[in-house]
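Visitor: What follows is a single structure, and I will ask about it in a moment.
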Amino acid sequence: MSADSKYWFPAKRYGWGWGPPTNWQGWTVIAVFAALVLAGAIVLLPSRGPVTFIAYSVLLCVVLVGVCWLKGEPPGWRSPSE
């Protein structure tokens, strides 16, 4: 993990992607994401059905990955030998 505080999401130690947030901005993004998924489950599932909820969840995931891409460490494959 990087100690550089300009990144909200550090790169994973092994593999590709990002690990848990390292500051309050990253944790806020995760909390808002979770709250929006929960709100969608409460509102969309009963009224619009599972297909709408799945589309909504996919959209939220795309937005979350976009935020991680913009505010996280540059992603790349990291193997145990590095």
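Derivation of every value follows stated rules applied to the coordinates shown; laboratory data play no part. Given the structure is predicted, the values throughout are model-derived calculations rather than measurements. All Cβ positions, glycine included, derive from the backbone under ideal geometry; neighbour counts span all protein chains shown.
Visitor: Which pairs turn up if I take residues in the range 25-36 that are free of Cβ contacts under 8 Å to residues at least 60 places away in the same chain and look for partners that are β-branched (Val, Ile, Thr) and crowded, with 16+ Cβ neighbours inside 10 Å with beta carbon separation below 8 Å, at least 6 apart in sequence or on another chain?
Guide: Short answer, once both residue conditions are applied: 29/67.
Visitor: Same structure again: Out of 38, 45, I need the residue that is in a helix (DSSP H, G or I), more than 26 Å from residue 74 (Cβ to Cβ) and touching a Phe, Trp or Tyr at 6+ places or on another chain (Cβ under 7 Å). Which one?
Guide: Unique residue meeting the criteria: 45.
Visitor: Moving on to the next point. Of a type in the set (Ser, Thr, Tyr) and in a loop (DSSP other than H, G, I, E, B) - does that describe any residue in the range 19-26?
Guide: Yes, the conditions are met somewhere in the range 19-26.
Visitor: Give me a count of the residues in the range 62-82 that are closer than 17 Å to residue 19 by Cβ and in a helix (DSSP H, G or I).
Guide: Count: 7.
Visitor: Is there a residue being more than 10 Å from the chain's Cα centre (by Cα), surrounded by 16 or more Cβ atoms within 10 Å (Cβ to Cβ) and either closer than 17 Å to residue 70 by Cβ or among the charged types (D, E, K, R) (or both) anywhere in the range 27-41?
Guide: No, the range 27-41 has no match at all.
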